[in-house]
Amino acid sequence: MAIQLKMPALSPTMEEGTLAKWFVKEGDEVSSGDILAEIETDKATMEFEAVDEGVITKILVAAGTDEVPVGAVIAEMAGEDEETGPADEEKPASASKAEAEPEATEEVKPEIMETAPPAPISRADDPSVPAGTSLVSITVREALRDAMAEEMRKDDTVFVMGEEVAEYQGAYKVTQGLLDEFGPKRVIDTPITEHGFAGIGAGAAMGGLKPIVEFMTFNFAMQAIDQIINSAAKTNYMSGGQMRCPIVFRGPNGAASRVGAQHSQNYGPWYAAVPGLVVIAPYDAADAKGLLKAAIQTPDPVVFLENELLYGRSFEIPEIDDYTLPIGKARIMREGSDVTIVSYSIGVGLALEAADNLAGEGIEAEVIDLRTLRPLDTETVLKSLAKTNRMVVAEEGWPTCSIASEIVALCMEQGFDDLDAPVMRVTNEDVPLPYAANLEKAALIDSARIVAAVKKVCYR
Amino acid sequence: MAKSPRKTTPVKKPAAAKRPPAKPKPAVHSTGGLKAPIYSASKEEMLDFYEQMLLIRRFEEKAGQLYGLGLIGGFCHLYIGQEAVVTGLQTAINPGKDSVITGYRDHGHMLACGIDPKIVMAELTGRASGISKGKGGSMHMFSVDHGFYGGHGIVGAQVSLGTGLAFAHKYKEDGGVCLAYFGDGASNQGQVYESFNMAELWQLPVIFVIENNQYAMGTSVNRSSAEDQLYRRGESFRIPGVQVDGMDVLAVRGAVEEVLKDVRSGGGPVLMELKTYRYRGHSMSDPAKYRSRDEVQDVREKSDPIERLKAALLKQGVKEEDLKALDKKVRKTVMEAADFAEESPEPALSELYTNVLVEQY
Ligand SMILES: Cc1ncc(C[n+]2csc(CCOP(=O)(O)OP(=O)(O)O)c2C)c(N)n1
Ligand SMILES: [Mg+2]
C-alpha cells in the first residue's frame, strides 16, 4: 500500500523549501521517528521525520533540489504493517484529500503574504540619494541585521539582548551571525523574562550603554510594557533632561499567519500614544535599515515595530555607506492626484496593490508610508490631502483608537477645508484575531477593502 | 546537554525564619525528604496508563502529519516524550472537582482530562466543531466542563491564573486543587514568583507542576537558570518541592498521591519538578540545532515512558498481542479524530463577531 510523502510545511509561513539531503535511500526500512530528509527554508534547516513504518520505494525529488513547493510528493513508501492495516489505509485517502487542498492552503495565506508591487518611486529617485548610486536587493531580515551589525562595529556601547538572539541566531533569524562577529558579551541570550530584561536594558541605557532589546514578538512585550512606558519613556522628562534612556526595543509586531489571538496584535497605536517614545514601523528593506540605524543612534528611547511577514521579502536598497534615514519623515511611495492612501508597515504593500488596481479603473492614488508613527509627519499627510482632497487610511490593526483614527482627527483639525469627502479607515475587523483560516482571512485587512473605501470617498 | 532524568531528591525544609510556620509542612517533606513511593498499580491501572500515553503519542504524531499537509496552521507544539507526566498526574486527581491549567503545549493535557480527541483535533484544523469553534487554535483551548482552563499562549501567564483558580477553590471551599503546569523556561518569569509568594502566604491549594523537558525553545535549563534544580525554586517562599522522574508514569503517580494528600488537607502549595524530555522540536518550525540527534535518540532508547511501561506490563504477563490490540484501538480513535477534523466545515463567517463580549450594550 503506497504512502505518499509530501514536502511538509514546517513553519506557518513556509511555501517552498530546498530538499537539502536525504538520509534514506530506496529500499530502506524506516520506522516512526526516523529522520528521512533535511529541508531548508530561508529561515532554518529542519529535519523531516517519518510518521509511518514501512519501506521507501521511490525517491521522487533529488537531494539539492530548490524551490520544492509545500505539498509536492517527494517520495513514496510502502506501509508494511499488516496488523494496523485497516487503520493505516486512510493514508492514501488523506493524501488525495490533501491533493484537493492546495487551493484551501493558498487561501490560508493572508493576501498580505503575496509579493507586493514595487513602489513606483524608486529609491534611486530619492533626493537624498546621490545620483548614480547603485541599488542592491536585500531582504528586510538582512537589512535589520546589517543595521545592527554596522552600529555595533561603530559603537562598542551598543549591544543586543533578548530571547534566543545569540546561539539560536534569533527566533526569526534577524540576529543571524551577530554572536559570531561580536561575541557573547554583546549578543546576549536572556531567559524568558521580558519584564526583567526590558528593565535591565533600560537601566543599562541610563547607565550609559545603548541596548537593543529584541522581543521575540511584541505580544510578549506586554509583559514589559511598564518598563517601556514608565521607565524608558518618561526618564528624560522627569529628570529635567539629565537622565537619558537611549534604548531600542525591537521585534516583530502585528498579525503573522494563523497564530491566533494572543500572538497577533499591532501595538503601533499603543506605543504611539506615549509621549517620550519614538515609534517606528518600516515597510521595506531600505527603511528597515536606515531607520533602525537612526533608532540606535538617537539618544531617545525607540520602539521599533517590524513585521514577520515582511522579513523574507526583498527590496532594493541604495548602496551607501552608513545608510541612515531621518526619523519622523513619511515617504511618498507613489504619486497620484485623485486620492491619498496613508499606511505603514505591512499595510503599505496592500495600499500599493490597491493603487495598482485603482489605476486600472482610472483612479490615481497617492500612497504615503508614514514610517514613523511618533512623531507623525503631519506635514506630508496634510500636503497630500491638499492635493487630492480625499483620504483613506489603511492599517493592519484594530480600528478603535488607531493610527487611522489619529489621521482622521488630524484631517478634521488641520485639513478640514481640503476635504471633499469624509476620511475613511480601513482596518482589521474589531475582534480578537481568530485562528480558523477563513475567519482569519475575513478579519484581516486586504487590498480589496482599500479599493472599496477609495471608491467610496471618490463617490465612484 | 541533557542530564538524565533523576530520581526523586530529598527536599530540605528551609530553616525557619521569623514568621511562625503557617502550617505544619507536609509529611512527605518534613520527614527528611520525599521518598515518593513508586505507585503500585494494578494491571488494569497500568493498562489504562499505557493506553492514555499511547493515545497522546499517536494523537501528536497525527497532528504533526496534518501540520505537514497544511491542515493545521500557525504554531503546533507536540507533547511527544512527556506523556508520563500528564498521565501520572491527571489520573490521580478528581475530574469534577479539581482544576487544570497549562501553556500552549496542551493537547496531551486535554486528552488526559478526558476531552474527546475529535474536538481537540478539529480545533487544531480550525473547524466549527473544534472545542473553541475554531477560533482559538492549538494554543488556546479550554473546557470548563472538564475543569481544563487552557491552553495559554503567553509563557508564565498560566501560573498566576492557576494560583487564581486555587484561590477560587479555597474561597468557595469546594475542596478542589489546581494543577498549574508550566515549563522550565516559564519558571523564570517574574509573575511565577509573585504567585508563589501569594500562594504560600494565603495557603492556596495549588500544585505548581514544572515540566522540565530540559529546553525552552533552543535554550537549555542551565543556560537560563541560576538555580537549575527547579524543585528548589519555591524555597524562599517556603514552598516545598519534589523532583520526580517524569519519564516513569508510576513514579509520577506515586509522588502526586503524596503531594495531593498534603495539599488537600490544607497544607498550601507544593512544587513538583518533573524531569522529562521533548522528542520533537519546540514547535513544528524548530531547526533543532541546539541539541544533537544522539541526545534525543539516547533518551528515546533508554527512557521512553511508553516503552518503559510496556516492559513492565510484559513482565507482569500481559501478552504482546494484547498491547498491539490496544495500539490498534488507539490508532483507530486517532484516525477517526483526524477524519472528523478534516471533514468538519470551517466556522460560519458570522462567528467572527460572536463571543467578543457576553452581553450586548
Ligand atoms: C511571554 C512570552 N515570551 C516568549 C514567548 C515565546 N515562547 C513560546 S514557548 C517558549 C519556550 C518556553 O519553554 P518552556 O517554558 O520550557 O516550555 P516548553 O516549550 O519546553 O514546553 C517561548 C520563548 C511566549 N509565548 N510568551
Ligand atoms: Mg521546556
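General observations
- Residue that is among the acidic types (Asp, Glu), more than 10 Å from chain A (Cβ to nearest Cβ) and loosely packed, with under 12 Cβ neighbours inside 10 Å, where the choices are B:307, B:301, B:295: B:301
- Test for residue B:229: is it within 16 Å of ligand 2 (Cβ to nearest atom) and more than 14 Å from every other protein chain (Cβ to nearest Cβ): yes
- Reported count of residues in the stretch A:211-222, each being within 16 Å of ligand 1 (Cβ to nearest atom) and either farther than 20 Å from residue A:175 by Cβ or not aliphatic (A, V, I, L, M) (or both), is 7.
- Filtered residue count, the stretch A:223-265, keeping only those that are crowded, with 23+ Cβ neighbours inside 10 Å, among the β-branched types (Val, Ile, Thr) and within 13 Å of ligand 1 (Cβ to nearest atom): 1
- When B:343, B:359, B:336, B:320 are checked against the criterion of being closer than 17 Å to residue B:56 by Cβ and more than 7 Å from chain A (Cβ to nearest Cβ), a single residue qualifies: B:336.
- Scanning the stretch A:207-216 for residues that are touching a Gly at 6+ places or on another chain (Cβ under 6 Å) and within 14 Å of chain B (Cβ to nearest Cβ) yields A:214, A:215.
- Checking each residue in the stretch B:189-216 for being within 10 Å of ligand 1 (Cβ to nearest atom), outside any strand (DSSP E or B) and out of contact with any strand residue (DSSP E or B) (no Cβ under 8 Å at 6 or more places or on another chain) picks out B:189, B:191.
- Whichever residue in the stretch A:366-418 is of a type in the set (Ser, Thr, Tyr) and over 24 Å from residue A:289 (Cα atoms) and, among such residues, is surrounded by the fewest Cβ atoms within 10 Å (Cβ to Cβ): A:400
- In the stretch A:32-55, the residues that are at pLDDT below 75 and not charged (D, E, K, R): A:32, A:33, A:44, A:45, A:46, A:51
- Residue satisfying all of: in the stretch B:106-127; surrounded by 24 or more Cβ atoms within 10 Å (Cβ to Cβ) and under 14 Å from the mean Cα position of the chain (by Cα); nearest to the other protein chains (Cβ to nearest Cβ) among these: B:106
- Some residue of the stretch B:253-263 being at positive phi and surrounded by 22 or more Cβ atoms within 10 Å (Cβ to Cβ): no
- If you go through the stretch A:200-224 and keep only what is of a type in the set (A, V, I, L, M), part of a helix (DSSP H, G or I) and over 20 Å from residue A:299 (Cα atoms), you end up with A:221, A:222.
- Inspection of the stretch B:128-142 identifies no residue that is out of contact with any Ser or Thr (no Cβ under 8 Å at 6 or more places or on another chain) and either over 30 Å from residue B:336 (Cβ atoms) or surrounded by fewer than 20 Cβ atoms within 10 Å (Cβ to Cβ) (or both).
- Residue-level analysis places residue B:83 outside the set of residues that are surrounded by fewer than 23 Cβ atoms within 10 Å (Cβ to Cβ) and either more than 16 Å from ligand 2 (Cβ to nearest atom) or over 17 Å from residue B:339 (Cα atoms) (or both).
- Residues of the stretch B:255-288 that turn out to be more than 16 Å from ligand 1 (Cβ to nearest atom) and in a loop (DSSP other than H, G, I, E, B), as a count: 5
- Where residue B:226 falls short, out of the listed (1) closer than 17 Å to residue B:276 by Cβ; (2) more than 15 Å from ligand 1 (Cβ to nearest atom); (3) in a loop (DSSP other than H, G, I, E, B): (1)
The values are calculated or read from the model by the stated rules, or taken from the named source; none is laboratory data. Not measured: the values here are computed from a predicted model. Counting neighbours? That spans all protein chains shown, and the Cβs are built from the backbone with ideal geometry, glycine included.
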